[in-house]
1. Can you say whether Tyr310 is in contact with a strand residue (DSSP E or B) (Cβ under 9 Å, 6 or more places away or on another chain), surrounded by 17 or more Cβ atoms within 10 Å (Cβ to Cβ) and among the hydroxyl-bearing types (Ser, Thr, Tyr), as far as the supplied structure shows?
2. Just to check your reading of the model, which residue among Asp210, Asp224 is in a helix (DSSP H, G or I) and over 30 Å from Arg159 (Cα atoms)?
3. Take the conditions under 21 Å from Ser151 (Cβ atoms) and assigned to a loop (DSSP other than H, G, I, E, B) and apply them to Ala317. Does it pass?
4. Looking at (1) closer than 28 Å to Ala76 by Cβ; (2) in a helix (DSSP H, G or I); (3) touching a residue at least 24 places away in the same chain (Cβ under 8 Å), which is the only condition Gly139 fails?
5. Any idea which of Val303, Val338, Val326 is in a strand (DSSP E or B), among the β-branched types (Val, Ile, Thr) and free of Cβ contacts under 8 Å to residues at least 40 places away in the same chain?
6. Within region 230-252, can one find any residue that is within 16 Å of the ligand (Cβ to nearest atom) and touching a residue at least 12 places away in the same chain (Cβ under 8 Å)?
7. If I filter region 27-51 down to residues being within 22 Å of Ser150 (Cα to Cα) and touching a residue at least 40 places away in the same chain (Cβ under 8 Å), which single residue comes out as nearest to the ligand (Cβ to nearest atom)?
8. Which residue pairs have Cβ atoms closer than 6 Å, lie 6 or more positions apart in sequence or on different chains, and pair a first residue in region 365-389 that is touching a residue at least 60 places away in the same chain (Cβ under 8 Å) and over 11 Å from Val303 (Cα atoms) with a second residue that is among the polar types (S, T, N, Q) and in a loop (DSSP other than H, G, I, E, B)?
Amino acid sequence: MKVAVVGLGKVGLPLAVQYASRGLSVTGCDIDAGRVERINAGDCPIDGEEGLDEGLRAALEQGRLRATIETNEAVAESEAVVIIVPVGLTAERAPDFTHLDAAVDAIAAAARPGTLVVVESTVPVGTTRGRVGAALGEGVLLAASPERVSSGRIFRDLRTYPKVIGALDEASWSKAEGFYGAALEAPCLLRVRDPETAELAKLAEGLYRDVNIALAGELARYADTLGVDVTEAIAAANTQPYSHLHQPGVGVGGHCLPVYPHFLPADASLRLPAAAREINDAMAAYGVARLEEALGSLRDSTVLILGLAYRPNVKEAAHSSALLLVDALRQRGARALVHDPLFSDAEVRALGLEPPERFPCDGIDAIIVQAYHDAYRDLDLRAFAGCRVLLDGRNALDRASVEAAGMRYVGIGR
Ligand SMILES: NC(=O)c1ccc[n+]([C@@H]2O[C@H](COP(=O)([O-])OP(=O)(O)OC[C@H]3O[C@@H](n4cnc5c(N)ncnc54)[C@H](O)[C@@H]3O)[C@@H](O)[C@H]2O)c1
């Protein structure tokens, strides 16, 4: 079976490699010519994706994968087309369909009756049928199957999660079932009634986590007023099978959770997603206020943030809480330094942030743990001579070892 994967990003390239590993003949399409060239040369453009380097090399050696900027040509010779380009937000925080519309235009020009097109991008409900289907026209088979994997462990997730698929009609389902049955090693293909159900399922997963973490954040703030350790209370609560509370922290970033609430139309009248966003975005300032309390004042102090990435071990800074922490620190007159082993100093500066000159370094008053990368686990805190307070923004460190390094430990809700 010949397949075209449109969008060779953090998810699209691993998908292309996965399909090739199952013996399918895959053409990956991207508008970025430099990226396409690198992929064809076996030079993987994505860091930190387990199994991707080897998988890409094997797929190229076996002649099962090639990349191109000519989406039309690839679609014309494919039986199945997977769309995996991002839908982000405009400056006004409305869904930005620019990439999706461009991809669909290129596909529409070459798709034939009987070609299967699957929308794997996360989209507002109704996009697959109303926007993509309308542009593709009659005869093209259509399904929504939003990708649910996480960067860094995509191949594992593809083998572990059921593949949720909502097809437009029986013919679309039958072709999608054949394609995914051949291309994946998923435990099962989970057919849902229609594309809208599949689209809503993906948004629901993300909204659930954002709301859940917001509740954990509110409980943490309350626990701080009580002098209770919220992590102990949450662990105890979760021994009851209906409680699945997540952990509080200094915020929720990334290209998914902060974005999805803006995919809900205003007339959908959902109140919790917007409230959760507001609560989660306020946690950075809350953490900084706790730090200020511990230090006495932040004015003219220097604070080192560990972790620019929105979550540990992933090189992705989109909507990272590090950016909110820097704003909150600067507003209180502090100098914020940002360190991340996954980003070069130039990449940190490109975001308007200041990296430390050396690492570890002295001359700082406080540390904020924002993303607790594995690389930080062996960090000797005594190397930060003179540092007085550590704000554990992820409740990930051991209080005793922080105090043994001569710093006061401050957690979120502890
Ligand atoms: N990254 C994740 O962890 C993750 C997890 C689950 C779902 N998703 C979803 O997957 C989708 C893609 O995300 P990503 O992280 O891979 O994005 P990305 O930014 O890493 O990559 C997107 C790629 O698409 C290419 N592209 C843009 N417009 C194009 C066009 N018209 N034709 C061909 N290629 C085009 C870009 O050049 C880029 O290489 C999004 O909808 C996202 O919500 C992402």
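The values are calculated or read from the model by the stated rules, or taken from the named source; none is laboratory data. Small disclaimer: the values here were computed from a predicted structure and weren't measured. A quick note on method: Cβ atoms are made from the backbone with ideal geometry, for glycine too, and the neighbour counts reach across all protein chains shown.
1. For Tyr310, the condition - in contact with a strand residue (DSSP E or B) (Cβ under 9 Å, 6 or more places away or on another chain), surrounded by 17 or more Cβ atoms within 10 Å (Cβ to Cβ) and among the hydroxyl-bearing types (Ser, Thr, Tyr) - is not met.
2. On inspection, the qualifying residue turns out to be Asp224.
3. yes
4. Going through the list (1) closer than 28 Å to Ala76 by Cβ; (2) in a helix (DSSP H, G or I); (3) touching a residue at least 24 places away in the same chain (Cβ under 8 Å), Gly139 breaks only (2).
5. Among Val303, Val338, Val326, only Val338 is in a strand (DSSP E or B), among the β-branched types (Val, Ile, Thr) and free of Cβ contacts under 8 Å to residues at least 40 places away in the same chain.
6. Yes, that holds for at least one residue.
7. For region 27-51, the residue satisfying everything is Cys29.
8. Going by the 6 Å Cβ cut-off, the qualifying pairs are His373/Asn313; Asp374/Asn313.
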